[in-house]
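The values are calculated or read from the model by the stated rules, or taken from the named source; none is laboratory data. This is a predicted model, so every value here is computed, not measured. Every residue, glycine as well, gets a Cβ built from its backbone with ideal geometry; the counts of neighbours run over all protein chains shown.
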Amino acid sequence: MIKGDFSHNYDPDRLRKLIKQGKSAKEILEELDISIWSLREHLLMLQHEDKIYYEVPGVFEYEELQRRHPTYKREGMVLSRKMLDKTGFKPGDEFEMIVEKDRIIFRKLP
């Protein structure tokens, strides 16, 4: 599998190394700058790829990890600076969200 094929920031070699070093879920989140949901997805992909079960301490401690890396706020969605850099949007830009059958489109407002 090539890095980033199926999931944002998926780096199997780096994840495998952190797991083998005995890093906790919280440490891996900080090192890879990903959400708990991404970590769980990456872990499943790595296990499928390697045909090995990897145990990551704290990966199911939902509340603690959610506080470290919130994704949604009361009045909207938060996009990371890395994600914004790849889109052309800048912090503070306003946009409308268009929901279609199989996709979501963000259109920058003037």
Please find, within region 6-63, the residue that is nearest to Lys82 (Cα to Cα) out of those that are polar (S, T, N, Q) and part of a helix (DSSP H, G or I).
Ser38
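Is it true that Ile36 is surrounded by 13 or more Cβ atoms within 10 Å (Cβ to Cβ), modelled with pLDDT under 90 and under 13 Å from the mean Cα position of the chain (by Cα)?
yes
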